Number of protein chains: 4
Amino acid sequence: MTRKQPPLLSQFPYHFEAQTRWDDNDIYGHLNNTVHYRLFDTAVNSFLVQNNVLDFRNSEHVYLVIETGCTYFAELAYPDPLIVGVGIAHLGNSSVRYHTALFKKGGKSPDEVVAAAAGHFVHVNVNKENRQPVSIDTASRDIFSKIMINQSS
Amino acid sequence: MTRKQPPLLSQFPYHFEAQTRWDDNDIYGHLNNTVHYRLFDTAVNSFLVQNNVLDFRNSEHVYLVIETGCTYFAELAYPDPLIVGVGIAHLGNSSVRYHTALFKKGGKSPDEVVAAAAGHFVHVNVNKENRQPVSIDTASRDIFSKIMINQSS
Amino acid sequence: MTRKQPPLLSQFPYHFEAQTRWDDNDIYGHLNNTVHYRLFDTAVNSFLVQNNVLDFRNSEHVYLVIETGCTYFAELAYPDPLIVGVGIAHLGNSSVRYHTALFKKGGKSPDEVVAAAAGHFVHVNVNKENRQPVSIDTASRDIFSKIMINQSS
Amino acid sequence: MTRKQPPLLSQFPYHFEAQTRWDDNDIYGHLNNTVHYRLFDTAVNSFLVQNNVLDFRNSEHVYLVIETGCTYFAELAYPDPLIVGVGIAHLGNSSVRYHTALFKKGGKSPDEVVAAAAGHFVHVNVNKENRQPVSIDTASRDIFSKIMINQSS
């Protein structure tokens, strides 16, 4: 279910600083709606790579996207630096459901920073060759457990 | 609500032929999940432009995206030509909720072509300057009524 | 060397029809300068794929880009359909130098259609694993010879 | 003229740290050739915005791209952080010719960091409405003079 109220930065355990680019702004002068997904994709995969959960070149399994969604509350634009908030709402046998949000980077406390957009992002762990789902291993589950969030958030 | 079963091409009143590009394929050799949204955005706006519902350069109102979502059922890839299916599930005072889907273009009947991805896309009609919602006029409603679909689809 | 005068469509042996997308337009309301390269990349690779010169998933060699350039003569914009003109200016042992140009699609004769942008695009044929240059085979040379152009064009 | 030898980071007066994104990698597992231009565009415009030479929303003049080029010496890839080197090779009445290069960010001295790609980027200052060239004012020239480089570099 898409969340209809903008979450706060403090509700997300993983924060990824994201740079905006000149061509992220479309003809309406704001971040095109697809850029949000590019940043969610980058933030989630960066978390996986940094924690050795994913080696997208060499490992036998990779995480493919099976569902995404986003609600847009306020306009964002280049050249503003942004923060992507990421947390895991559900961890299944082979899938991971992330809650994601996009924030304008500022000097305020995470309790006061309100999301400009909030989404979800679902990965399934598959064999790289045959694309069949495979169970997420224990080492990865330990990593994922560190950024679990309350499902009601 | 995200639909979990892949719809058929015959369920969509508007069909938009979409070209794929070399850089649509990501490192996994398939259309990156964000490309689907770029094509939904293009198909919906092309419908609006072709039917004179939107003049994105000169009109006083524009349609901004406030919510999107997509479920991915099968992989797509450049250089395959695609079809974007578009229909309207709900027409509000100032907003339009589209159902969208992405199909690999082929020779089969629309009754047999199954979506590789299905999404939704919500536009709100706003004043270009102050970004406040404005009512959709009668001429536009007449156009929209031509591609209404049963909400249960 | 960058060509400073806009070429005509009739100067290019291979014509590739290219679709524009909503997010190709940047904040200045025209095709962002990087989109031209995305279309050149797509047109050249489509020529290779259609003629069985490149099987980018399975073959032992691939064509990597080592140099590109573009001069912009006139603005282009979504939703206009475009034509990419492609010809080969030089065929080396392992490299191919393409001349490319971008045209607004219209009803006029190719002798009268003037480029909005013109560029070059240099591919080198390499082994997919070690990225070392490999000679272009005879079958490929036969295909390339069909779209050779006078270097002065 | 395209430079054929990779320059050093120390040859560029302006350094812009650039983030890579998941979908910058194409099917060959490296930065697609068009991403380099997106980063050049972002680095140059960021220099202009930070120094108040460009207010792309409100000013009466904007800088449009009329020529670009890039030579690729080595592959780059997400998730590596990069540095864009920028310097001005020629300052005309209404145009600015930048030399640009892309470097993998590392701990070495700028004298030892060799470019993975080097390009040029030419802006012309135009009236936003009629797109006619306008002279670059003195205040802007003062800013530009700070990042002039020897044309032979």
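The values are calculated or read from the model by the stated rules, or taken from the named source; none is laboratory data. Keep in mind that what you see is a predicted model, and the values were worked out from it rather than measured. Glycine also receives a Cβ, built like all others from the backbone with ideal geometry; neighbour counts cover every protein chain displayed.
Some points to look at:
- Here C:VAL49 meets the list (1) β-branched (Val, Ile, Thr); (2) farther than 25 Å from B:ASP80 by Cβ; (3) in contact with a Pro (Cβ under 8 Å, 6 or more places away or on another chain) almost entirely, failing just condition (2).
- With respect to the conditions (1) more than 16 Å from the chain's Cα centre (by Cα); (2) under 23 Å from D:TYR63 (Cβ atoms); (3) not β-branched (Val, Ile, Thr), C:SER59 falls short on a single one, namely (2).
- Matching residues in the range D:1-31 - criterion: being closer than 25 Å to A:PRO81 by Cα and either assigned to a strand (DSSP E or B) or in contact with a strand residue (DSSP E or B) (Cβ under 6 Å, 6 or more places away or on another chain) (or both): D:LEU9, D:PHE12, D:PRO13, D:TYR14, D:HIS15, D:PHE16, D:GLU17, D:ALA18, D:ASP24, D:ASN25, D:LEU31
- Among the residues listed as D:GLY92, D:GLY107, D:GLY85, the single one being modelled with pLDDT of 95 or more and surrounded by fewer than 17 Cβ atoms within 10 Å (Cβ to Cβ): D:GLY92
- Within the range C:9-32, being more than 9 Å from chain B (Cβ to nearest Cβ), among the polar types (S, T, N, Q) and under 24 Å from A:TYR78 (Cβ atoms) holds for one residue alone: C:ASN32.
- Test set (1) under 30 Å from D:GLU129 (Cβ atoms); (2) in a strand (DSSP E or B); (3) more than 9 Å from chain C (Cβ to nearest Cβ); (4) not charged (D, E, K, R) - D:VAL84 fails condition number: (1)
- Yes/no for A:THR100 being of a type in the set (Ser, Thr, Tyr), crowded, with 16+ Cβ neighbours inside 10 Å, in contact with a Lys or Arg (Cβ under 7 Å, 6 or more places away or on another chain) and not in a loop (DSSP other than H, G, I, E, B): no
- Hits in the range D:29-48 - residues which are of a type in the set (Val, Ile, Thr) and free of Cβ contacts under 8 Å to residues at least 60 places away in the same chain: D:THR34, D:VAL35, D:THR42
- Hits in the range A:130-153 - residues which are without any contact (Cβ under 8 Å) to a residue 12 or more places away in the chain and either within 24 Å of B:TYR72 (Cα to Cα) or among the charged types (D, E, K, R) (or both): A:ASN130, A:GLN132, A:ASP137, A:ASP142
- Residues satisfying the criterion are absent from the range D:32-41 (criterion: under 12 Å from D:LEU82 (Cα atoms) and of a type in the set (Ser, Thr, Tyr)).
- Residues that are more than 7 Å from every other protein chain (Cβ to nearest Cβ) and either part of a loop (DSSP other than H, G, I, E, B) or acidic (Asp, Glu) (or both), drawn from the range D:49-61: D:ASN51, D:ASN52, D:VAL53, D:LEU54, D:ASP55, D:ASN58, D:SER59, D:GLU60
- Filtering the range B:123-153 to residues that are among the hydrophobic types (A, V, I, L, M, F, W, C) and either in contact with a Gly (Cβ under 9 Å, 6 or more places away or on another chain) or loosely packed, with under 14 Cβ neighbours inside 10 Å (or both) leaves B:VAL124, B:ILE136, B:ALA139, B:ILE147, B:MET148, B:ILE149.
Per-residue answers, yes or no, for (1) in a helix (DSSP H, G or I); (2) crowded, with 17+ Cβ neighbours inside 10 Å; (3) among the polar types (S, T, N, Q); (4) within 12 Å of chain D (Cβ to nearest Cβ):
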| residue | (1), (2), (3), (4) |
| --- | --- |
| C:THR34 | yes, yes, yes, yes |
| C:PHE47 | yes, yes, no, no |
| C:TYR63 | no, yes, no, yes |
| C:ILE66 | no, yes, no, yes |
| C:CYS70 | no, yes, no, yes |
| C:ALA74 | no, no, no, yes |
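- Within the range D:58-70, one or more residues are in contact (Cβ under 8 Å) with a residue 40 or more places away in the chain and under 27 Å from B:TYR28 (Cβ atoms).
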